[in-house]
Amino acid sequence: MAANDSIRPFPADIDREGFGHWLSGFVDGEGCFLLQSRRMGHSMVGYARFVIKLRTDDTEIIELIRDYWGVGYIGWPLDAKSSGRVCPQVRYQVQRTDDLVHIIAPHFERHPLRAKKRRDFAIWKEALSLLVTVRSRPRMGRPDGRPGTVDRWREAERVQFESLASLLKDQRKLFGATLESLPPSMPLEDQRKSLATTLGIPDRRRVSGRPKPPPRALRVINGVALSLADHERAAGLPRGILKQRIEDNWPEDRLLDPPVVAPLITIDGESKTTREWAKIAGISKSTLQKRIKWGWPEHLLLTPPDKAKRRI
């Protein structure tokens, strides 16, 4: 993405206070408060961003907004100017946590949002405070001396941040009437539950960093109801073999039979399966099986086909 980082002084002939009120109203329609989290092993990285996207023919107003705040950058998709798309976009983005805490968030406290984005901002601001708390902790080395650092997130903070990110993502799907039906004083967690129930939005929150798995289907085999994986563990079967047997229409009384072990063939005092011997000799498994069936002598079993014909 191409970017423009040159910030100019805000024009002196424009009233900053009046522009600030106008900007909050503009953000109510065109702005976006974003939260993202990413798991890396046992660690997590959280991000907060503020974004405004417009068509490229509105680049001038985007540049004026950036000059007003004095932070962030403007970018275009690399193909926006040359792809010939009908509506290429320009994007203004602020993602440094210090800029969000000291400039963006205070602006919307001085010039409050009036429409549905006020709820997005409340959720986003709570998550931003959590980010500040986490990042204020010093990085600690791993106790075992290995390279890297210990994750600064505590488990409760991870769950809370991911819950806020999920709530913010769900809330952007809502119709205005549904959103306005919730009282502003309702706690954020109650908002999330109410909105998810009303619109049928799945709960994407994680518990202990992992989504709750769906319940396993039970299968009755020989009068015992267990999941296929539990049946396999109890019978000492390889994983996945029951599913294959059921698809192959095996009778129920044979589903838990132990797998057939391939017989070993001894040649020159060494025992291997037919498949292993065939691979060593460079011949097909069926060829070797036919030679054994026809009673070939042991010293000719692994002979390549052309030499075998000459010797016979």
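The values are calculated or read from the model by the stated rules, or taken from the named source; none is laboratory data. In this text the structure is predicted, and so the values were computed from the model without any measurement. Note that we place each Cβ from the backbone using ideal geometry, even for glycine, and neighbour counts take in every protein chain shown.
Restricting attention to the range 36-63, the residues that are part of a helix (DSSP H, G or I) and either loosely packed, with under 13 Cβ neighbours inside 10 Å or charged (D, E, K, R) (or both) total 4.
Of all residues in the range 230-254, those being assigned to a loop (DSSP other than H, G, I, E, B) and either farther than 27 Å from LYS285 by Cα or among the hydroxyl-bearing types (Ser, Thr, Tyr) (or both) number 2.
Rundown of residues vs (1) of a type in the set (Val, Ile, Thr); (2) surrounded by 14 or more Cβ atoms within 10 Å (Cβ to Cβ); (3) at pLDDT 85 or above; (4) closer than 21 Å to GLY295 by Cβ, yes/no style:
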site: GLY236; (1), (2), (3), (4): no, no, no, no
site: LYS243; (1), (2), (3), (4): no, no, yes, no
site: ASN249; (1), (2), (3), (4): no, no, yes, no
site: GLU252; (1), (2), (3), (4): no, no, yes, no
site: VAL261; (1), (2), (3), (4): yes, no, no, no
site: ILE267; (1), (2), (3), (4): yes, yes, no, yes
site: SER271; (1), (2), (3), (4): no, no, no, yes
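In this structure, is LEU128 of a type in the set (A, V, I, L, M), touching a helix residue (DSSP H, G or I) at 6+ places or on another chain (Cβ under 9 Å) and at pLDDT 85 or above? Here the answer is yes, as LEU128 does meet what is asked. Name the pairs whose Cβ atoms lie under 7 Å apart, with the first residue in the range 48-72 and free of Cβ contacts under 8 Å to residues at least 60 places away in the same chain, the second basic (Lys, Arg) and in a helix (DSSP H, G or I), and 6 or more positions between them or separate chains? Cβ pairs passing all conditions: GLY72/ARG66.
Looking only at residues in the range 64-97 that are small (Gly, Ala, Ser) and at pLDDT 80 or above, the one that is surrounded by the most Cβ atoms within 10 Å (Cβ to Cβ) is GLY72. For residues that are crowded, with 16+ Cβ neighbours inside 10 Å and of a type outside the set (Asp, Glu), tally how many sit in the range 21-35. The qualifying residues number 8.
Please go through the range 236-283 and give me each residue that is on the phi > 0 side of the Ramachandran plot, free of Cβ contacts under 8 Å to residues at least 12 places away in the same chain and touching a helix residue (DSSP H, G or I) at 6+ places or on another chain (Cβ under 9 Å), ordered by number.
Listed by number, the list holds a single entry, GLY240.
Out of ILE312, ILE283, one residue alone is more than 30 Å from VAL224 (Cβ to Cβ), over 44 Å from the mean Cα position of the chain (by Cα) and either surrounded by 10 or more Cβ atoms within 10 Å (Cβ to Cβ) or at pLDDT 85 or above (or both). It is ILE283.
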